[in-house]
Structures are given as C-alpha cells and as structure tokens.
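Enquirer: Quick one: this structure, given as structure tokens, is what I'll be asking you about.
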Amino acid sequence: MAEAAGLPSSVTLVGAGKMGLALLQGWAARGLTGEGVAILEPNPSPELKTLAEERGFRLNPQQRDAPEALVLAIKPQLLDIVAPSIAADTARNALVISILAGKRVEDLAARLPQASAIVRAMPNTPAAIGRGITGAFASPAVSPAQRKSAHALLASVGEVEWVESEALIDAVTAVSGSGPAYVFYFVETLTRAGVDAGLPEATAARLARTTVAGAGELLRRSPDVSPAALRENVTSPGGTTAAALQTLMAEDGLGPLLKRAVRAAKRRAEELSG
Ligand SMILES: NC(=O)c1ccc[n+]([C@@H]2O[C@H](COP(=O)([O-])OP(=O)(O)OC[C@H]3O[C@@H](n4cnc5c(N)ncnc54)[C@H](OP(=O)(O)O)[C@@H]3O)[C@@H](O)[C@H]2O)c1
C-alpha cells in the first residue's frame, strides 16, 4: 500500500454505507491504495465496488490480517451482532475508530475485549463532499502516533476537532452532528418568510438556498473574520438588515431558541448513550 498523508498502513472498514463510503472516498483522495484496505460490507453499492476495484481495496475478503486501524461505520444497533466477527481484528492493539452514534468507549471496549485504543468520533453529513467537521475523543490508551493516524483518517472528509472529555461528544452531536439539519430548516423557513413577503415560492426558495450557501462560503473563505464582524459589515445603522436583526436578536429571538434546540439534542444524545 502507498504511504498516504499520515494514514495508517492497513485499515479495515466495517460498514460502507453513506458515511463509510464518504470516508473511503476521502482516504482514496489522499492517496490511499492497495490491499492494506479491507472493507466489510454485505450490500456493496456499485459506487463502492468501482472504488474498491480502482484502488485495489479488498472488498469482503475471505481472510484478513489484523489491521493497524479498525474503523466502525455500521448502524449502532448492529454493534452487538457484528462485534464477534471483528473482535480478532483488534488483536495487534489496533486503533479502533467508531463513528457509531451513542456508543460509548466502554460499550465498545465491552464488545471488543482486546481493544484498548479507542477513538469515538462524530462526523456530519457534509463529509460526503469532503467538507464535514468531526468531533473526536481519544481514550487514554490511544498513543500520540495513533491519535495522529486517527486525525489523518478523519481529516480526509473535513476538519477535526478533538474534545478532552467523552461527555462533550453529546454536545458536539448537538452542534455539528445535527447542525446541518438546523441550517436546512433555516432555508425552509426563510423561503416561507419570502413567500409571506410576496415572492413566488420558487423565487423565494432560490433566494433562500443561494443566500445560505453563499454566506456559508463567505464564512469559509474568511477564517480570520468573526461571524459577528461579517454580520456587522452588512448591517448599516437604521437600515433594512438592522430592522430584521432587531427581531432575530431580541430576548426571545433566535439566540434563546437555538440554545433550547441544542440542549434538546444534547439531552437526547445523552439518553441514547445511557
Ligand atoms: N450519516 C450521518 O450523518 C452520520 C453522522 C455521524 C455519525 N453517523 C454514524 O455512522 C454510522 C453509519 O451511518 P450511515 O448513515 O453511514 O448508515 P448506513 O448508510 O446505513 O451504513 C451502514 C452500513 O453498514 C452495513 N452493514 C450492515 N451489516 C453489516 C455487517 N455485518 N458488517 C459490515 N457492515 C454491515 C450496512 O449494510 P445494509 O445496508 O445492508 O444494512 C450499511 O451499508 C452510524 O452508526 C451513525 O450513527 C452517521
């Protein structure tokens, strides 16, 4: 296998659905090739088959060696069923990276008894276009070299933000894991507000969608400018934007509403992992 951008030399990916495939595409884009990559996926999509063939990855191999890293991307409810068949993959003190929502390090350790170096990660859907952000927590047994490998694997689909306590993964879930849906809903409601202001629906929808996408791109291209400064740049005193912001920034405006929404998501994440 080609040495690729700090990626481990052998990886087994368990589950190549939406998120697993996105990761695999990210690794491939960073130059990972060859038989060191094994993929376990009972229903490989045509896209997955093509990628595996092009890159020389092994899809559902009959036999495999214990890899340097084992990446779990199955549905959380499948963990109990799948764990016995992958337990041997952790024999060589493999780094285990799990993106399973709600499965704690202790849940994973209980089902994979030989595993100790465990990273729990929470990506989000823009990973599919390489523009995600993943919150990650490393258990104490993860070595600095393994943390680097985990960072490289996760950074292939976007940015990585490490948190120092596992409990914070629930907050990450509530902010960035679920966050894309909040933004999509914002576009829906801005569209409806546009219709209320007299626009044809299709026009309002295009205005809302492109405004959010464009503002997002502006944010991305201005890493040293705070969102508040970007907002102030387009807000003239006494102008139209200021009039709208007065409502959005009121005591009962968007701030407290979003705080309640994020708290609800965090509570639910806590319940699901409890
Ligand atoms: N999508 C997101 O935004 C997101 C964000 C953060 C975390 N996650 C986490 O990522 C994980 C995967 O989510 P997803 O959206 O990618 O789900 P998904 O598309 O359903 O992918 C899961 C894949 O695992 C496969 N699988 C089933 N049984 C298996 C087995 N025995 N061995 C190996 N693979 C098996 C499934 O195949 P079948 O189709 O045949 O069942 C499916 O292709 C979940 O734990 C989720 O919590 C997802």
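The values are calculated or read from the model by the stated rules, or taken from the named source; none is laboratory data. Everything quoted here is computed from the prediction, not taken from an experiment. Please note: Cβ atoms are built from the backbone with ideal geometry, for glycine as well, and neighbour counts cover all protein chains shown.
Enquirer: If Ala202 satisfies all but one of (1) farther than 27 Å from Ala127 by Cα; (2) not β-branched (Val, Ile, Thr); (3) not in a helix (DSSP H, G or I), what's the number of the condition it fails?
Expert: (3) is the only condition that Ala202 fails.
Enquirer: Shifting gears a bit: Determine if region 109-119 includes at least one residue that is within 20 Å of Gly26 (Cβ to Cβ) and crowded, with 23+ Cβ neighbours inside 10 Å. Break it down stepwise before answering.
Expert: Step one: filter region 109-119 for residues within 20 Å of Gly26 (Cβ to Cβ), giving 119.
Checking which are crowded, with 23+ Cβ neighbours inside 10 Å leaves us with 119.
Within region 109-119 (the criterion being within 20 Å of Gly26 (Cβ to Cβ) and crowded, with 23+ Cβ neighbours inside 10 Å), the answer is yes, since at least one residue qualifies.
Enquirer: State whether one or more residues within region 233-246 are part of a helix (DSSP H, G or I), in contact (Cβ under 8 Å) with a residue 40 or more places away in the chain, of a type outside the set (A, V, I, L, M) and loosely packed, with under 13 Cβ neighbours inside 10 Å. It would help to see each step written out before you state the result.
Expert: Of the residues in region 233-246, the ones part of a helix (DSSP H, G or I) are 233, 240-246.
If we keep only those that are in contact (Cβ under 8 Å) with a residue 40 or more places away in the chain as well, we get none.
So far as region 233-246 goes, no, none of its residues is part of a helix (DSSP H, G or I), in contact (Cβ under 8 Å) with a residue 40 or more places away in the chain, of a type outside the set (A, V, I, L, M) and loosely packed, with under 13 Cβ neighbours inside 10 Å.
Enquirer: How many residues are within 8 Å of the ligand (Cβ to nearest atom) and of a type outside the set (Lys, Arg) when one looks only at region 99-120? Give the derivation first.
Expert: Residues of region 99-120 within 8 Å of the ligand (Cβ to nearest atom): 99-103.
Those left that are additionally of a type outside the set (Lys, Arg): 99-102.
Count: 4.
Enquirer: Take Ala22 and decide whether it is more than 10 Å from the ligand (Cβ to nearest atom), small (Gly, Ala, Ser) and either more than 17 Å from the chain's Cα centre (by Cα) or at pLDDT 95 or above (or both).
Expert: On the way: more than 10 Å from the ligand (Cβ to nearest atom): no; small (Gly, Ala, Ser): yes; either more than 17 Å from the chain's Cα centre (by Cα) or at pLDDT 95 or above (or both): yes.
No; evaluated as a whole, the condition is false for this residue.
Enquirer: Return the residues of region 56-85 that are within 14 Å of the ligand (Cβ to nearest atom) and small (Gly, Ala, Ser); say none if nothing qualifies.
Expert: Listed by number, the residues that qualify are Ala73, Ala83, Ser85.
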